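This report concerns only the one structure given below.
The values are calculated or read from the model by the stated rules, or taken from the named source; none is laboratory data. All values derive from a computational prediction rather than experimental measurement. Ideal geometry is used to build each Cβ from the backbone, glycine not excepted, and the neighbour counts take in all protein chains shown. Surface areas here come from the heavy atoms of the whole protein model, side chains and all, with no ligands, DNA or RNA. Shrake-Rupley method; radii C 1.70, N 1.55, O 1.52, S 1.80 Å.
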Amino acid sequence: MNVLNFVNAFFSDSAHWQGYDGIPARLGEHVQYTLEALLLAAAIGLPIGLVTGHYGRGGNALSLVATAGRALPSFGLLVLMTTLLGFGMLPVMIPLVILAVPPILVTTYEAMRSVDPSPVDAARGMGMHESRILFQVELPVALPLILSGLRSAAIQIVSTATIAAYVSLGGLGRYIVDGLYQRDYEKVVGGATLVAVLALVTLALFWAAARIAVSPGVRRR
């Protein structure tokens with residue numbers, strides 16, 4: 001039985017579309033984990049990246065933090081956090097947030113540093129406050145790169161949130177973990193397909209957000 005047959009069998013089975021283990025329920029859980037981790041990572045990475053990028057300081061420190069965050073194995077960190085904190089959402093959120101912060105942090109910093117200094121200097125010459133320069137002059141120009149960092153973080157979270165199933169939580173990883181345990185490869189392939197489709201949908205959503213949020217003049221650059 002090839003992969004396409006597994007996919008067809010999984011999605012054509014009505015039992016996979018209802019109940020607590022149905023696709024809508026598991027997909028909702030996975031989206032919830034992704035949104036929570038992304039919001040937490042953005043709350044950490046965006047302010048630090050914006051401020052340090054605006055003032056042009058701390059770039060080396062941010063690179064060091066980002067490198068360290070990327071080097072940490074998410075599954076190993078999950079096991080460690082579960083050992084220390086027990087089962088629950090917190091041990092899952094910690095590795096997901098640590099995974100998502102580096103691309104947001106570094107990309108936001110680089111986006112702010114890539115802004116043409118001429119309008120920034122002109123705004124300062126006009127007496128604009130630093131916060132207004134940040135949000136009204138630099139941020140609109142830096143927004144495309146900032147969104148790309150958020151997009152990268154979101155894709156990584158979508159792919160990695162499957163680890164929640166290893167500590168008895170839900171999400172699409174439930175199909176992969178349970179399928180491997182039961183040797184039900186139809187379920188494994190179906191779960192992996194759903195994760196891939198969700199990643200593609202996430203890409204499409206960020207593309208649409210960029211079309212809406214970024215001004216046409218900045219997009220044409």
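Conditions tested, residue by residue: (1) at pLDDT below 95; (2) open to solvent by 40 Å² or more (accessible area, probe 1.4 Å); (3) closer than 16 Å to G22 by Cα.
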| position | (1), (2), (3) |
| --- | --- |
| V167 | yes, no, no |
| L172 | yes, no, yes |
| V177 | yes, no, yes |
| Y181 | yes, yes, no |
| Y185 | yes, yes, no |
| G190 | yes, no, yes |
| R211 | yes, yes, no |
| V214 | yes, no, no |
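Confirm whether A61 is open to solvent by 40 Å² or more (accessible area, probe 1.4 Å), hydrophobic (A, V, I, L, M, F, W, C) and either assigned to a helix (DSSP H, G or I) or on the phi > 0 side of the Ramachandran plot (or both). When the stated conditions are applied, A61 passes them.
The single condition among (1) touching a residue at least 12 places away in the same chain (Cβ under 8 Å); (2) closer than 14 Å to G45 by Cα; (3) open to solvent by 20 Å² or more (accessible area, probe 1.4 Å) that P119 does not meet is (2). Quick check on my filter: what residues within the stretch 10-33 are farther than 11 Å from L172 by Cα and crowded, with 16+ Cβ neighbours inside 10 Å? Selection gives F10, H16.
For the stretch 35-58, enumerate the residues that are part of a helix (DSSP H, G or I) and of a type in the set (G, A, S). Answer for the stretch 35-58, where residues must be part of a helix (DSSP H, G or I) and of a type in the set (G, A, S): A37, A41, A42, A43, G45, G49, G53. Please verify whether the stretch 79-92 includes one or more residues that are within 23 Å of the chain's Cα centre (by Cα) and in a loop (DSSP other than H, G, I, E, B). For the stretch 79-92, residues within 23 Å of the chain's Cα centre (by Cα) and in a loop (DSSP other than H, G, I, E, B): present. Hey, V141 hits all of (1) buried (at least 20 other Cβ atoms within 10 Å of the Cβ); (2) modelled with pLDDT of 90 or more; (3) not acidic (D, E) but one; which does it fall short on? Only one criterion in (1) buried (at least 20 other Cβ atoms within 10 Å of the Cβ); (2) modelled with pLDDT of 90 or more; (3) not acidic (D, E) is unmet by V141, namely (2).
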